[in-house]
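Participant: Sharing a structure with you now.
Rule-based calculations on the coordinates, nothing more; no lab input. Quantities reported herein were computed from a predicted structural model and do not represent experimental measurements. Positions of Cβ are generated from backbone atoms using ideal geometry, with glycine treated the same way; all protein chains shown enter the neighbour counts.
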Amino acid sequence: MATATATPKQRTKPTKPYADFPLFPHARGYWAKKIKGKVYYFDRWENPDSALQQYLDQRDDLYAGRKPRERNPDGVTLRELCNALLTAKEQLVESGELTRRHFQDLHKTCERLINHFGKNRLVEDLRVDELAEYRTKLSSGWAPTTLGPELNRVRSVFNFGYKSGILDKEVRAASALASPSKKILRAHRQSQPKKLFSAEQVQKLLNSAGDHQFKAMLHLAINAGFGNRDCATITPEAFDLESGWVQFPRTKTAIDRRCPLWPETVEAMRQAFEARAAGPKPASGCEDRAFLTSVGNAWGGDMACSAVSQKFRRVAKAAGCYTKGVSFYSLRHTFATIGGDTGDQVAVRYLMGHVDPSIDAVYREAVMDERLERVTSHVRQWLFGS
């Protein structure tokens, strides 16, 4: 980093090592460069090569008006790389381009990397076999569905370092940190209980809800395919109970969606709003939430929605239909499965707020209400019968 010191005794200034040497010998005894009207000092006269390297390392930052990034002469440590990544991602959180939950997942990934390899480990010294051993360690304790996203985040740490210029060389981590294959994921899924409720089980859940707000959330899950975070973050303004519709972008994808509400769901929402009005004052920052806990807090948010999961576990046990791994979110799976029986997958995808990867989605401006009503009516018929 450029430094300054007291003026030394007068000495004869050295000549430049060669004609186009970019630095000049300053009277203070350092090689220097004037950039945008300000003089920056590098190494001493006796070390022109070192001064030149310092200048080249800092040049882009200085001309851009930025404070030069401190460089470890031995290389970039894992802690330095992780800190740089998290600083950049924090800015995306503040601008609304990244969720706080995703940031926290990245933070935990970085902590695990540092705990395993050490904070002062040089990134360029990481060997492929060491990364493969780290993957093996993770896979021994994690399910494939959890391991895949974690490995994606680990690769993203190293990719960020190279693409941002922090690392001079790309870390060859792709093969050593490969995500589980689709075959492995299918086999794991087949070994787990189906995330699917029967109509009888859903009715038992509704009857065992215990309070108006959670009963309304259960209705939204099976009527509109809402997940935990959807219920936790939706606002009262999203509902038009007079016409029987809800319009609310899916939190995860920001994909807009509209869904017709069953008469039972409309009634459940009316009772939920009455209970909310008669309940405790909303906690700070929760004033715009449609659903509040018994103490006025949100059921969840950008970070996590564990309150919904915990409440569902109690309700499912009371209803006699609790199975480990089959959660509140499984009602969304159930909606997708039963709704798909209509054969209108476009309407189902729209109702659920899924990203449509097909080229048709680029040109499709809307899905007719009749198609949406056909899907939700089919699910209602399945649940309640005639």
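Participant: Rounded, prolate or oblate: which fits the chain when a ≥ b ≥ c are the square roots of the eigenvalues of the alpha-carbon gyration tensor, with rounded for a/c under 1.5 and prolate only if a/b beats b/c?
Facilitator: prolate
Participant: Given the rule -39500 (n - 2.57) for each run of at least 4 DSSP H residues, summed and divided by the residues of the chain, what is its mean residue ellipticity at 222 nm, to the nearest 500 deg cm²/dmol?
Facilitator: Numbers: 15 runs with 190 residues, N = 386.
Rounded to the nearest 500, the figure is -15500 deg cm²/dmol.
Participant: Between GLU90 and THR12, what is the FRET efficiency for a Förster distance of 51 Å, r being their Cβ-Cβ separation, to the nearest 0.05? All intermediate terms of the calculation are to be shown ahead of the outcome.
Facilitator: On the way: r = 51 Å, r/R0 = 0.99.
Approximately 0.50, to the nearest 0.05.
Participant: Above 22 angstrom, tally the Cα pairs of the range 199-384 and express them as a % of all pairs, no decimals.
Facilitator: 43
Participant: Hydropathy first: keep DSSP H helices in the chain averaging at least -1.0 on Kyte-Doolittle, then drop any whose Cα extent along the axis falls short of 18 Å, and list what survives. Walk me through the numbers on the way to the answer.
Facilitator: Numbers: long enough: 48-63 (21 Å, -1.30); 78-94 (24 Å, 0.16); 100-117 (26 Å, -1.19); 144-163 (28 Å, -0.47); 263-278 (23 Å, -0.46); 306-319 (19 Å, -0.25); 369-384 (22 Å, -0.89).
For the chain, where a helix must reach 18 Å along its axis and average at least -1.0, the hits are 78-94, 144-163, 263-278, 306-319, 369-384.
Participant: May I ask for the Rg/Rh ratio of the range 95-188, computed from Cα atoms with Rh as the Kirkwood radius, given to two decimals? Intermediate values should be presented prior to the final figure.
Facilitator: Details: Rg = 13.8 Å, Rh = 14.2 Å.
For the range 95-188, the value is 0.97.
Participant: Compute the length gained on full extension between SER191 and GLU124: take 0.36 nm times their separation in residues and subtract their Cα-Cα distance, giving the result in nm to one decimal. Kindly include the intermediate steps, with their values, before the conclusion.
Facilitator: Working: separation 67, 0.36 × 67 = 24.12 nm, distance 3.96 nm.
Net length gain for the segment: 20.2 nm.
Participant: Highest mean first, how do 94-104, 49-59 rank when packing is the count of other Cβ atoms within 10 Å averaged over residues?
Facilitator: Numbers: 94-104: 13.2, 49-59: 16.5.
Ranked by mean Cβ neighbours within 10 Å, highest first: 49-59, 94-104.
Participant: Now a separate question. Within the range 169-241, which GluC sites (Glu not before Pro) sit in a loop by DSSP and count at most 15 neighbouring Cβ atoms inside 10 Å? If you can, show how the numbers build up before the last one.
Facilitator: Numbers: sites: GLU170, GLU200, GLU237; in loops: GLU170.
Passing sites in the range 169-241 are GLU170.
Participant: For the chain, give the magnitude of the charge dipole about the Cα centre (Cβ charges: +1 Lys/Arg, -1 Asp/Glu; no others), in debye to the nearest 20.
Facilitator: Dipole of the chain, to the nearest 20 debye: 1260 debye.
Participant: Return the long-range amide H neighbours of TRP245 (sequence gap of 5 or more, or a different chain), with a cut-off of under 5 Å between placed amide H atoms.
Facilitator: Answer set, sorted by chain and number: ASP240, LEU261.
Participant: Oh, and also: Cross-link list LYS89/LYS182; LYS119/LYS169; LYS163/LYS183: which exceed 21 angstrom alpha carbon to alpha carbon?
Facilitator: Values: LYS89/LYS182 29 Å; LYS119/LYS169 19 Å; LYS163/LYS183 31 Å.
From LYS89/LYS182; LYS119/LYS169; LYS163/LYS183, over 21 Å: LYS89/LYS182; LYS163/LYS183.
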